[in-house]
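Asks: Attaching a single structure in structure tokens format; questions to follow.
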Amino acid sequence: MKTIRLQEVPAEERSSPKGLYHLFQKNLSLVLGGKKDAGPAAGGHPFDVAWVSVPVGCKNWPVHRHSAQWEFYFVLAGNGRYFDGTEWNEIRAGQAVLTAPGEEHQIENRGTGDLVYLVIADMPVADVIAYPATGLAFVKPERQFVRPTSVNYYDGHE
């Protein structure tokens, strides 16, 4: 059995160049021996758990959707809003949100203090994260951004 104390886990700061997307994340699963973006098939855990804090006025990530991954959010402190692909919904401490594969989502801190939540994500063998605003996709476990284009199935094979 491995145990950790949240206070002893270092927070990784992630921020976009202009600061619109800004968060602090403690990857609890990694500290407990998990492997980044690797589920049980690759020697990792069946799910990942992260503690996340989003500063006032910031968003966690650009709007995106996963092809295979589920995400469960539990708000620990603060308030903000959750974009479900269609509309914004207010969220606050004590609320939980479940995002299924294929559902666009994003979180924004609209409160006066940090918005803090836990995110628990299952670890499928592979996942593609699509970003509708740019047409980019992030492919896991390869951890590469791609810009998909429509081609014939046999292009380049003959």
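Asks: Under 6 Å by Cβ, and 6 or more places apart or on different chains, what pairs join a residue from region 116-131 that is touching a residue at least 24 places away in the same chain (Cβ under 8 Å) with one that is of a type in the set (S, T, N, Q) and part of a strand (DSSP E or B)?
Replies: V116/S53
Asks: Just to be sure before I move on: is E13 in a loop (DSSP other than H, G, I, E, B), of a type in the set (D, E, K, R) and under 16 Å from the mean Cα position of the chain (by Cα) in the structure I sent? I'd like the intermediate steps shown before the answer.
Replies: Values: in a loop (DSSP other than H, G, I, E, B): no; of a type in the set (D, E, K, R): yes; under 16 Å from the mean Cα position of the chain (by Cα): yes.
Answer is no for this residue.
Asks: Please state which of the following conditions D37 fails to meet, knowing it meets all the rest: (1) closer than 21 Å to D127 by Cβ; (2) buried (at least 16 other Cβ atoms within 10 Å of the Cβ); (3) of a type outside the set (V, I, T); (4) modelled with pLDDT of 95 or more.
Replies: With (1) closer than 21 Å to D127 by Cβ; (2) buried (at least 16 other Cβ atoms within 10 Å of the Cβ); (3) of a type outside the set (V, I, T); (4) modelled with pLDDT of 95 or more applied to D37, the lone miss is (4).
Asks: Another question, then. Report, by residue number, each residue of region 5-15 that is surrounded by 12 or more Cβ atoms within 10 Å (Cβ to Cβ) and within 15 Å of V56 (Cα to Cα).
Replies: R14, S15
Asks: Select from region 16-34 the residues that are surrounded by 15 or more Cβ atoms within 10 Å (Cβ to Cβ) and under 18 Å from H105 (Cβ atoms) and list them in ascending order.
Replies: Result: Y21, H22, L23, Q25.
Asks: Give, as residue ranges, the strands (runs of 3 or more DSSP E) completely inside region 81-158 that count at least 2 residues that are touching a strand residue (DSSP E or B) at 6+ places or on another chain (Cβ under 6 Å) and within 30 Å of L6 (Cβ to Cβ). Don't jump to the end; show me each part of the working.
Replies: On the way: elements: 88-92, 96-99, 106-109, 115-122, 127-131, 136-140, 144-146.
Of the strands (runs of 3 or more DSSP E) lying wholly inside region 81-158, those with at least 2 residues that are touching a strand residue (DSSP E or B) at 6+ places or on another chain (Cβ under 6 Å) and within 30 Å of L6 (Cβ to Cβ) span 88-92, 96-99, 106-109, 115-122, 127-131, 136-140.
Asks: Among the candidates A100, A93, which residue alone is over 17 Å from K59 (Cβ atoms) and surrounded by 13 or more Cβ atoms within 10 Å (Cβ to Cβ)? Walk me through it before giving the result.
Replies: Details: A100 fails: surrounded by 13 or more Cβ atoms within 10 Å (Cβ to Cβ).
Every option except A93 fails the conditions.
Asks: Hey, another quick one. One residue is enough: does region 30-52 have a residue meeting the conditions part of a loop (DSSP other than H, G, I, E, B) and within 14 Å of the chain's Cα centre (by Cα)?
Replies: Within region 30-52, the subset part of a loop (DSSP other than H, G, I, E, B) is 32-34, 36-37, 39, 43-46.
In the following step, the residues that additionally are within 14 Å of the chain's Cα centre (by Cα) were identified as 36-37.
Yes, region 30-52 has at least one match.
The values are calculated or read from the model by the stated rules, or taken from the named source; none is laboratory data. For clarity, every value in this text was computed on a predicted model and none was experimentally measured. Neighbour counts are summed over all protein chains in view; Cβ atoms, including those assigned to glycine, are modelled from backbone coordinates with ideal geometry.
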